[in-house]
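*Asks:* Quick one: the structure is below, and I'll ask about it shortly.
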Amino acid sequence: MGCDWGLQVEDPSTHRAVSIRNWKDPFFWFLPCRADAELGPQRPFTPAARPAGAGARARGAGGPLTPAARPAGAGACARSPGGPFTPAAWPAGPQHSHGADAELAPPLATRAQRPAGPIWSLLSSAAADRKSPPPAPPTGPIGYPGHPKSRPPMPPGPIAGIAEVIMVWVYDPENADPNELQLNAVAPSLNSFVLTKQMATLGQRPAIYTFLKRRVYFPDKKLKDGAWHISVPMAANDIAKDIRGNQVTFQDCFVADILFLMGFPWLTIPEIPSFLPISSPLGSQLMIVWDACVPSSIVLVADIETFQTNDSFRTWTRIRVPPSILTDEERSNVSDVSLSHDGIFFLINGILYLKNLTTFAKLGSKENLPEGGIIGITTRKWCWMDYLLKANNRSNMAIWTRDTIYLGYDSLQFVKIINTKKLMEILDIPSTATLSIHNIEYTAHPLELGLLLNFCVTCNVMKQIHLVIYNEDSKKWMHQDFSLNVTIDSFITPHFIYSSMPELILWDKHRVYYSYHNFTTTGVIQTPTGFGNLSKLSHDSIIHDAYLGEAFSLCKKKILLILAHSEIHIRDAVKLHLWTNTSTKSSVFLNLFSQINFVHVFENGTLHVQEYPLGLEVRSVTFKTKEKCPFVAFHNNINRVFYILDKGENLSVWAQIVYPENNGLYIIVEPYGPKLLENKFYLQYEIASGFCTKTLDIIFYQNVNYQAVRDYFKLQYRNTGLMLIQVRPSEFEKNMPNTPKDGSKTYWGQHFIRFNHKDCLRHNFFYIIEKSYLRHRPSKNLRVKYSWKKYGCPFRVDFRKKFHPLLQLYNENGYIEDVEVNFIVWEIHGRDDYTFNITMKKSGCLNEAQTWKSMTTLNKDLPLEEVWGPENYKHCFSYAIGKPGDLSQPYEIINKSNRNHLVWPMHRTGMYVFRVKILDPNYSFCNLTAFFAVETYGVIPSPNGYLVFSFLFLLMLLFFSILTFSYFHYMRIYRHLYEPTDKRKQKNN
């Protein structure tokens, strides 16, 4: 019984379903993506290779990840193929899907390819209430910019309010509902309901892990409707996800992990009935290209039609062009094609054309491109996501003529960078020689591309092919130690391997050449029949193309589709079994899960996709060779493809190799690029039971002091950038399905600081700053608008209390640490009616410290935010730095421990908006600044003078009135008391 994961997500508004299923380790089946939540990459990603023996928990993360199959047995308890694999019989008729109304045909697979045990199935919870199966998926996810229906680019990170609540359950393919097998189920069947409940009782609880941001999303504690529910936010830069379950066995098996992609949608170019087909010359081979960051988005050019798909040919459309732009001859003369986010580029008769959702246009002088003579176009073959550029921009396309190179950027921006005349001067080539551009290909490095140059003197029979690498950051052209002597009419095609070091394979019509380990190991891939002549393996046919497939396997495709296989760093090839016939034109592509597939183009203009079990084929061919891997295991803790380091940080990694005694293997660490880091190595060696174990601990760090240097920014720029590091064993072998070859990229990243405080009423308002409180003493009061969005909630502080800011460092993943180094603050509107409670003497200064007054005097021509910073900071705790002065002045530098506080003016309230800047030059490469606001309170505002006078007048009037009344009242009483007795008697009588 085999166990594995499956996936299904549905849009609750349109009920368009998508499904992903893992049939048998290491092969996967990908079904089409829905229009609102595409399960396909929108940003740089390809599935990561898992180290041999690392099991389901060892993975790479981030950056460009190479397609690779999982090791046999790492997931499901799949049955062994038991010898050479026999291809499935060809179907009676061509099966294809075209448009949204076409019936979707499942890919071919024999019974041995499918697991017999439980599989995970996923579905969005919003679709669980639907009673009927979903309609057929659309022709492809929405995508290219410029279309009226296309969405604007999604920002990085989770999008507020956009999330998928995914239902997860387990089903057994042998007892499943037909909808579950066809990946159209919207709820568990009765058998799946019982099986899921049983697994949950045994302790199964799946979770979804993201590769790039390393987030984990857990399900609800209880099952609902026979499934787990997991809420996963949509994120354009975190689309690669992995569903993992607990190690719970069921009938001696467990459910294997599965990788899936959840991204935002793309558009397919619609077919317009009046438009005409565009194709390659009659009789030519297929041309197939796909977006490196969206491997399911593919363009296929045949000699009858051009096809486009966004779901690995699950559905597809034909590309048509207006009848008035090209002649019939030009429409059938496509010599090259490329795919990017701007659209599809066609090269026809040396002219570049662009086809997107809205237009089909010729590109020329208006776009800074030549009007003719273009001989090649190419785009990046490896995809990058979160890479921080020192340069302002990075190209995604290269275009060249015989003597000029152009680079293409987003939004159809093209720049001419060099011609062969300038190259000859840079490379010091004599003027008597002839130099022309042969071919161009992007390397695995995110900022480099390789140029193959034709070099000859007489140019009659032979020529030399030289390689030059161009770095877009340093703008340098580096002539590599590589040359190849070929005949004058030979055409060489390069392909750079995913590697930290420059490594590539090249091929012509009959041979495949290799260059490994930074051009130190070169040669020709050997065959049993002759000196590397692969044509003799394929009945004298020629090499059409080469592909890097699973686990860095090299798959060479012939015109007759007779395949030869070789592992990277291996120098010979073996012939694989014949899978196709000569009457159908076919090509090879990688689906979303790095599985090799055939796409066949029939004469009636339809397509058929066929799975190709490369892993089984390789094991079948190499089974009789008795070759063994030279080591037992190779492990490391490099679980990311890129690491971001800042000043003062280091990176500690380890690698371990286990091999039979006396084999003499070791671990190789190879850096490439600028030497930004120093390193320390610690090697541990152990022998036990006839096996040797070597463990290498590596610490990378930077030891540069940026304080009080002459040119701070120049030194910082020189010590930032991208450094590639490769960790690998010293030997390889052909029969190694997961060649352990890991590379990590280290570069300097971005952080930000912020403050923690309570929430407030979120609104904007205006306030007045009196002119006497401002630094430059203007003639009028200053009216200021407070922007809540920019400054956040103000801190409310009693004016009698001192205030000490606490800074916290964050990155996109959250909190890092409290900032303990020196920083400065200033009021951005110019207020200076505040001070500090510590003097220079009390803080321990030996010389006069820097202040805002002294720094503005020294830098009168600079704005206030630039007069003082880490580039010119000098401390005051040494007699050798600074000069004596008045140490009774306030010390205006704050840190977490120096107890320096802001002191407010008494007897008045105020609103202060401060900006803070990190002052320590050895803390961060980033310009760390932040805003915060302080509102002081505690003093009653001064009343109006007229109101006070009126109140005092009324009060005095009342007082005198009462006094007058009292006087006369008591005078009457006293007069009665002191009146003579006889008079009183007289009155009484």
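*Asks:* Enumerate the amide H contacts of residue 260 below 5 Å, restricted to partners 5 or more residues apart or on another chain; note that Pro and chain-start residues carry no placed amide H.
*Replies:* Those qualifying (amide H under 5 Å, at least 5 residues apart or on another chain) are 241, 242, 243.
*Asks:* Can I get the semi-axes of segment 327-387's equivalent ellipsoid? Compute them from the C-alpha gyration tensor as square roots of 5 times the eigenvalues, in angstrom, largest first.
*Replies:* The three semi-axes for segment 327-387 are 22, 13, 13 Å.
*Asks:* Classify segment 344-432 as rounded, prolate or oblate from the Cα gyration tensor: take a ≥ b ≥ c as the square roots of its eigenvalues, call it rounded if a/c is under 1.5, otherwise prolate when a/b beats b/c and oblate if not.
*Replies:* oblate
*Asks:* What are the ³J(HN,Hα) couplings of segment 833-844, residue after residue, when phi is run through the Karplus curve with 6.51, -1.76, 1.60 and θ = phi - 60°? Round to Hz, x for glycine and proline.
*Replies:* Those phi angles translate into 8, 9, 8, 10, 8, 10, 8, 4, 5, 5, 7, x Hz.
*Asks:* Still on this model: Taking only C-alpha pairs under 8 Å that are 6+ residues apart, what is the relative contact order of segment 306-456 in percent?
*Replies:* Normalised by residue count, the contact order of segment 306-456 is 14 percent.
*Asks:* So how do 848-856, 763-771, 336-344 stack up, highest first, on mean other-Cβ count within 10 Å?
*Replies:* Answer by packing, highest mean first, reads 336-344, 848-856, 763-771.
*Asks:* Based on the alpha-carbon gyration tensor of segment 592-654 and its eigenvalue square roots a ≥ b ≥ c, which shape applies: rounded if a/c is under 1.5, prolate if not and a/b is larger than b/c, or oblate?
*Replies:* Oblate.
*Asks:* Work out from phi, with θ = phi - 60° and the Karplus expression 6.51 cos²θ - 1.76 cosθ + 1.60, the ³J(HN,Hα) of each residue of segment 201-206, listed in order in whole Hz, and give x for Gly and Pro.
*Replies:* The phi angles translate into 5, 7, x, 6, 8, x Hz.
*Asks:* Okay, moving on. For segment 754-873, what is the convex hull (Cα atoms) projected area averaged across all directions, in square nanometres?
*Replies:* Answer in nm², one decimal: 10.3.
*Asks:* Charges only on Cβ, +1 for Lys and Arg, -1 for Asp and Glu: so what's the dipole of segment 806-862 about the Cα centre, in debye to the nearest 20?
*Replies:* 380 debye
*Asks:* Moving to a separate point now. Of the cross-linked pairs 381/680; 853/883; 221/241; 771/860, which ones have a Cα-Cα span greater than 26 Å in the structure shown?
*Replies:* Long pairs (Cα-Cα over 26 Å): 381/680.
*Asks:* Another question about this same structure. Sort 399-407, 481-489 by packing, meaning the average of other beta carbons within 10 Å per residue, with the highest value first.
*Replies:* Ranked by mean Cβ neighbours within 10 Å, highest first: 399-407, 481-489.
*Asks:* With viscosity set to 1.306 mPa s and temperature to 10 °C, compute the Stokes-Einstein D of segment 833-957, Rh being the Kirkwood radius across alpha carbon pairs; µm²/s, no decimals.
*Replies:* 89 µm²/s
*Asks:* Still on this model: Among 245, 216, 206, pick out the residue whose Cα is farthest towards the positive end of the charge dipole of segment 187-250, where Lys and Arg carry +1 and Asp and Glu carry -1 on C-beta, about the Cα centre.
*Replies:* Towards the positive end, the residue furthest out is 216.
*Asks:* What Kirkwood radius, in Å to one decimal, follows from the Cα pairs of segment 806-874?
*Replies:* So the Kirkwood estimate lands at 14.6 Å.
*Asks:* Considering only 424, 449, 393, whose Cα is most displaced toward the positive end of the charge dipole of segment 390-450, charges sitting on Cβ of Lys, Arg (+1) and Asp, Glu (-1)?
*Replies:* Value: 393.
*Asks:* Using only C-alpha atoms and all pairs of different ones, pull out the Kirkwood radius for segment 435-503 in Å with one decimal.
*Replies:* Radius from the Kirkwood sum: 12.7 Å.
*Asks:* Explain nothing, just compute: Karplus ³J(HN,Hα) = 6.51 cos²θ - 1.76 cosθ + 1.60, θ = phi - 60°, for every residue of segment 521-527 in order, whole Hz, x for Gly and Pro.
*Replies:* Result, ordered by residue: 10, 10, x, 10, 4, 8, 10 Hz.
*Asks:* Checking the a/c ratio against 1.5 first, then a/b against b/c, what shape does the Cα gyration tensor give for segment 853-913?
*Replies:* Verdict is oblate for segment 853-913.
Just so you know, all these numbers are worked out from the coordinates, no wet-lab data involved. Model, not experiment: these values are computed from the prediction. Cβ: placed from backbone, ideal geometry, glycine included. Neighbour counts: every protein chain shown.
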